[in-house]
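Reviewing the structure listed below.
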C-alpha cells in the first residue's frame, strides 16, 4: 500500500511539474492579454463607483418580475450572493484541474484569456448602458432614506480612484443595466459548456444560472430587464468573438 501511494504521489508531482512548465510558457506569451483583462476589471469597478455618485434614489419602478416573485427580504438577500460565490469559486478551481487530474482538455492560461475577453466586451457594453440610463436602485440600500443610496462629493482624485472593497462592490447603486453578476455567471457557464467534460455538470450550470437570475430579482438587487439584457448580451458577445480567440 505504501509503495502504491508513493508511486501515485510521484506521478502526481510529475504531472504538476509538467503542467506548470507548459502554463508558464503560455503565460510568457499571453501575459499582456491577462494583464489588460485585469486592468479592465478595475476600470469596470471604477465606472460602477463613478455612477454611484450620479445615483439618485426614487420610487422603485413597476416590474413584472417583482410582481411574480415574492420578495426575499433583507434577511435573506444573502442567498443570491452565496450562490454567486459558489459558482465563482467552483469555476475558478475547475480551471486549474489540469494540474492534478489526468483528463485534460484545457490550458488554464488560455481559458482565462478567453474568459477575460468575454468579460471585457460585456462590461464595456454594460458601462455604456448604465451611464446612458440611470434608474432608481431597487436594492434595499439604494432606496430613499438609506444613507448608502448616494455618495458624498469626493474630496480628491485618490478618493475617486480608490475602490473600497468589498463595501464599494456590495453596496453600489446606479450600475443597473445590466447585471454584473449575470455577466460573470453566464460567461463561466458558457465556458464550461465549451470545455467541460461532464454532461451532468453542464446541465447543472444552466440550472444554476436560471436560479441565480430568479434570486437576483427576488432579492431586489436588479430589475427584470437587467437580468434579461445580461442573458441576451453575454450570449451574443460569446457567439461573435468566440472563434476569434486563442484556445
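The values are calculated or read from the model by the stated rules, or taken from the named source; none is laboratory data. Given the structure is predicted, the values throughout are model-derived calculations rather than measurements. Neighbour counts run over all protein chains shown; Cβ positions are idealised from the backbone, glycine included.
Couple of notes before you dig in:
- Verdict on residue 65 being touching a helix residue (DSSP H, G or I) at 6+ places or on another chain (Cβ under 6 Å), under 26 Å from residue 227 (Cβ atoms) and either exposed (fewer than 12 other Cβ atoms within 10 Å of the Cβ) or in contact (Cβ under 8 Å) with a residue 24 or more places away in the chain (or both): yes
- Residue match in region 28-36 (condition: surrounded by fewer than 17 Cβ atoms within 10 Å (Cβ to Cβ), modelled with pLDDT of 90 or more and under 30 Å from residue 148 (Cα atoms)): no
Each row is one residue, and each column tells you yes or no for (1) part of a helix (DSSP H, G or I); (2) under 16 Å from residue 177 (Cα atoms).
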position	(1), (2)
30	yes, no
34	yes, no
44	yes, yes
47	yes, yes
57	no, yes
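- Any hit, region 161-173, residues being over 22 Å from residue 96 (Cα atoms) and at pLDDT 90 or above: yes
- Residue pairs whose Cβ atoms lie under 7 Å apart, sitting 6 or more positions apart in sequence or on different chains, and linking a residue in region 89-103 that is in contact (Cβ under 8 Å) with a residue 60 or more places away in the chain and on the phi < 0 side of the Ramachandran plot to a partner that is part of a loop (DSSP other than H, G, I, E, B) and surrounded by 12 or more Cβ atoms within 10 Å (Cβ to Cβ), are 98/104; 98/106; 103/197.
- Residue 82 being loosely packed, with under 14 Cβ neighbours inside 10 Å and either at pLDDT 90 or above or in contact with a helix residue (DSSP H, G or I) (Cβ under 6 Å, 6 or more places away or on another chain) (or both): yes
- Checking 113, 17 one by one, the residue that is over 20 Å from the mean Cα position of the chain (by Cα) and in a helix (DSSP H, G or I) is 17 and no other.
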